[in-house]
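Working notes for the structure below.
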Amino acid sequence: MSEIIVVTELGKNYGRVRALHGVSFCVERGEVYGIIGPNGAGKTTLLSILAGLRRPDKGECRVLGAVVKPGGNTIVHRLGFFSPNLAVLDYLRGREMLTVVGRLHGLSPLETGSRAEEMLRFFGMEGAGEQIIHEYSQGMRMKLGLACALIHGPEVWLLDEPFSGLDPTSVYRMVQLIERAVGRGKTILLSSHDLALVERVCSRVGILHQGELKEELSLRVDDRDPPSARPVPAGETARLESTLWGVVGTPEVPEISWL
């Protein structure tokens, strides 16, 4: 099975607001597929449906061959989902939060503890494991959320703005981790407003606008090459940005008289 994520005619409304309309695409094993678009385009809704947290009004999603359904997701332990909007338990300590997530995914106490230490070290949070999450900065919360999404070693990563709020070291480490994971056969779907990072890690990009997938771009020079082996052409990010504005319209820049 090469198609790990299959989205077919997906639709979702919030009252009179159309969040998604007729969205269809697929993501193959070992691929990083990026979703870009303005705020309100439907990116978070799409990822939430794929994670089994929201129910679509129309269409369906299949991940690893199974239809994704809220409350009936048989593949939940094979998915890793991150979103800045996903709350963590503020009253726990960082290490406790990772322990809870690891145990819920069926890891043994010994393995959970070992992996929690690895994740804290990976994100430079060794000294924050015993700190109450309520005291964390926004960037620390983002790191902890990513650690929770990945601690069980999921086959499919669903990442909503995974670089948001991260310091440069953590961004670099996440890029390297994504590239290694893809080399090991993981499949990753991510959304981001950082076009340079999208260009760096993704092999294909879908432009979402007003709930519709308007255009898909192939960014890889040779599909046989891993992302780390693919050179990023000079000016490529400008091309991606230009394509985005061509789809959604170039933003106006209002005058501010006092600046």
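The values are calculated or read from the model by the stated rules, or taken from the named source; none is laboratory data. Keep in mind the model is a prediction, meaning the values are calculated, not measured. Cβ sites come from the backbone with ideal geometry, for glycine too, and all protein chains shown count toward neighbours. These accessible areas exclude ligands, DNA and RNA; they are computed on the full protein's heavy atoms, side chains included. Shrake-Rupley method; radii C 1.70, N 1.55, O 1.52, S 1.80 Å.
Table for the structure above
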| item | result |
| --- | --- |
| Evaluation of Leu53 against (1) assigned to a strand (DSSP E or B); (2) of a type in the set (A, V, I, L, M, F, W, C); (3) open to solvent by 20 Å² or more (accessible area, probe 1.4 Å) (one fails), failing number | (1) |
| Unmet criterion (only one of (1) open to solvent by 10 Å² or more (accessible area, probe 1.4 Å); (2) at pLDDT 95 or above) for Arg18 | (2) |
| Test: residue in region 4-14 that is in contact with a His (Cβ under 7 Å, 6 or more places away or on another chain), open to solvent by less than 20 Å² (accessible area, probe 1.4 Å) and of a type in the set (Gly, Ala, Ser) | yes |
| Yes/no for Glu130 being closer than 27 Å to Val7 by Cα and among the acidic types (Asp, Glu) | no |
| Flag for Gly22 being touching a residue at least 24 places away in the same chain (Cβ under 8 Å), part of a strand (DSSP E or B) and in contact with an Asp or Glu (Cβ under 6 Å, 6 or more places away or on another chain) | yes |
| Gly71, sole failed condition from (1) assigned to a loop (DSSP other than H, G, I, E, B); (2) open to solvent by 70 Å² or more (accessible area, probe 1.4 Å); (3) on the phi < 0 side of the Ramachandran plot; (4) without any contact (Cβ under 8 Å) to a residue 60 or more places away in the chain | (3) |
| Qualifying positions in region 106-123 - touching a residue at least 24 places away in the same chain (Cβ under 8 Å), open to solvent by less than 50 Å² (accessible area, probe 1.4 Å) and of a type outside the set (Phe, Trp, Tyr) | Leu107, Thr112, Ala116, Met119, Leu120 |
